[in-house]
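To start, the structure itself, in structure tokens.
The values are calculated or read from the model by the stated rules, or taken from the named source; none is laboratory data. Computed from a predicted model, the values in this text were never measured in an experiment. A quick note on method: Cβ atoms are made from the backbone with ideal geometry, for glycine too, and the neighbour counts reach across all protein chains shown.
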Amino acid sequence: MARGRGKRKRALRELVAPFTVSAPAGARIRDRLRVSAEEARVLRVVGEHLGGCARADLAERVRIGKVAVRENRRAERKRVLTRVSSSRWAGAITRTSEDQYQLSLQCLFHERASLRRATSKIRQRLAVPCGQRAGGVRGYPSRAERAQKQRRLQVLTARLADVEARIDAGHPAVVVGGRRLAKVRHHLTDAGLSESGWRERWEAARLFLTADGESGAPYGNYTISVDPVDGTVTIVLPEPLRHLANAPRGRYRLTCTVTFHHRRGEWLDRVTAHRAVRYDITHDPDRGRWYLDASWSTPNTVLPSPVELAATGVRLLAVDLNAGHLAACVIDAHGNPVDQPVTVPTNLTGPASQRDGRLRQAISELIHLAKTNDCAGLAIENLGFDDARATGRETMGRGKRGKAFRRTVAGLPTARFRERVRGMAHHAGLVVVAVDPAYTSRWGAQHWRQPLQQQSKTTVVTGHHAAAVAIGRRALGHGLRRRPGVTAHDQRIVVRRATGQTVPHPRARGTTSPPRTTGTPHQGTKTCRDRSDPLALLPVSQDRSGGQPASPVYGDPANSGQHR
């Protein structure tokens, strides 16, 4: 009592109710364009011309600043661009410029919120003397660290002032081609690139070959058209480049064809009905390949809520995202773990394309596991670490442990995992339920790790598997605590699983079993009695003279439900 009297009990965090992750709002497929050297030259010329027009329009949009949508002078800018391209190319360019401007402005807002949180946290800790606490705020442990944080506060304050000035002026900084690639130009040796190699990447990133779809146009797009019969690709050339046309009405037709093997049926349904399909032509200088992407919007799909899923009595595959692997466990409708937990490795190192491919492979294994166990969907945590990443070191530990924890958080592909799971699970006919991640690891390890290990004789159960059980139970509306005696090592409990942990179902009247005697067959799977068996403790007298065994004793049929 004296030990716990001085400690303040921390209040539990308020939990957010589980929700169903919405279905993807669009679809995007890709096929390779096997163009010749002459066709690649034409595509590069057209992309550079339209890319210069797009950059000029984006600069004009930034100069206009933060205004209402009706005051961004898009119609005026479109008329100027139509003279050097076409009306449809100009519409795609102005639409892309507006989207890019709004996204850059939103990034400024997020950066401002991040800097404000970081500076506020540092000021709170600087107000407390070194090695002391005041009102739940801990001061820095040493003067050296305090001095370093003071310098960092000055840097963050200067950055915050610059961001606020950009927001007030409505002039975000946009680098067409990517700021990261632009910085690589000054560190070519460290990046392992030559100047010509970097230049090729830079020019490929600044090409503009995007054509928005239009309902009612031939095959859903007038600017870049793909014939669904033979797969030929036709491009409308800008006005100054009409001399390069090899087809009627200022068009350039490629000799190669596209097939779109992935989701070809959906693409054919749209293009044959002349519904809008957007096309993007991109160039990969590392492989020397050209690609054609087709994208379109999908109708809104009403998915069942977690309450509706729990009412139907379905199974869920609970997944716990960790650094280096995914821990999964099948959860039935009553919240019981089924079979043994599974670990899916995810080696998310190397280039971005390899990381994405390995993540897709891991998600494919989860989907296969869910279908094999007749699961209706997947249960995941609604992880983001937005506040932690924004505040940075001030709330994510210090020293070696803090550095290791920050590295672990940075290595978790939370946003990419959520988006990949949402799209791939929806196409596989599965529902994704997101739950609050609070206390899943702590309570899962406390209540479910040992019972899972007793149940799984050949699998080493970790705290991540126990956290997956907690995630699945929370998605189905159950509590995270385990009822005593459930999933124990006793044979009768293992074979005849206890169900309805949270809502016990009482036995109906008139259906009790008759009392067992030596003449009644054993209902369970035990072949011998131990000393804990009531029949062994209270044996029934038998006739050992060689006569007939005693007849079984039946209860009242009105109470037992048995008939003679």
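A Cβ distance below 8 Å, combined with a sequence gap of six or more or placement on separate chains, defines the contacts here; from region 339-361, residues that are farther than 22 Å from Gly192 by Cβ reach residues that are assigned to a helix (DSSP H, G or I) and of a type in the set (Gly, Ala, Ser) in the pairs Pro341/Ala468; Val344/Ala362; Pro345/Ala362; Thr346/Ala362.
Applying the condition of being in a loop (DSSP other than H, G, I, E, B) and either surrounded by 14 or more Cβ atoms within 10 Å (Cβ to Cβ) or among the hydroxyl-bearing types (Ser, Thr, Tyr) (or both) to region 273-294 and asking which residue is nearest to the chain's Cα centre (by Cα) yields Val277. Filtered by the rule that a residue be small (Gly, Ala, Ser) and touching a helix residue (DSSP H, G or I) at 6+ places or on another chain (Cβ under 9 Å), region 218-247 gives Gly220, Ser225.
Test Ala169 against the stated conditions and say whether it is loosely packed, with under 12 Cβ neighbours inside 10 Å, out of contact with any Phe, Trp or Tyr (no Cβ under 8 Å at 6 or more places or on another chain) and either of a type in the set (Ser, Thr, Tyr) or over 30 Å from Glu60 (Cα atoms) (or both).
Judged against the criteria, Ala169 is not a match.
Criterion first (of a type in the set (Lys, Arg), surrounded by fewer than 18 Cβ atoms within 10 Å (Cβ to Cβ) and farther than 25 Å from Phe208 by Cα) does Arg83 satisfy it? Spell out how you get there, then give the answer.
Details: of a type in the set (Lys, Arg): yes; surrounded by fewer than 18 Cβ atoms within 10 Å (Cβ to Cβ): yes; farther than 25 Å from Phe208 by Cα: no.
For Arg83, the condition - of a type in the set (Lys, Arg), surrounded by fewer than 18 Cβ atoms within 10 Å (Cβ to Cβ) and farther than 25 Å from Phe208 by Cα - is not met.
Filtered by the rule that a residue be of a type in the set (Val, Ile, Thr), over 23 Å from Gln100 (Cβ atoms) and in contact (Cβ under 8 Å) with a residue 24 or more places away in the chain, region 205-234 gives Val226, Thr232, Val233.
Only one of the numbered conditions (1) closer than 30 Å to Gly213 by Cβ; (2) modelled with pLDDT under 95 is violated by Gln124, and that is (1).
Looking only at strands (runs of 3 or more DSSP E) that lie completely in region 307-398, which have at least 2 residues being in contact with a Lys or Arg (Cβ under 7 Å, 6 or more places away or on another chain) and modelled with pLDDT of 90 or more? It comes to 325-331, 375-381. Note on region 58-80: residues that are in a helix (DSSP H, G or I), among the basic types (Lys, Arg) and either free of Cβ contacts under 8 Å to residues at least 24 places away in the same chain or buried (at least 18 other Cβ atoms within 10 Å of the Cβ) (or both) total 6.
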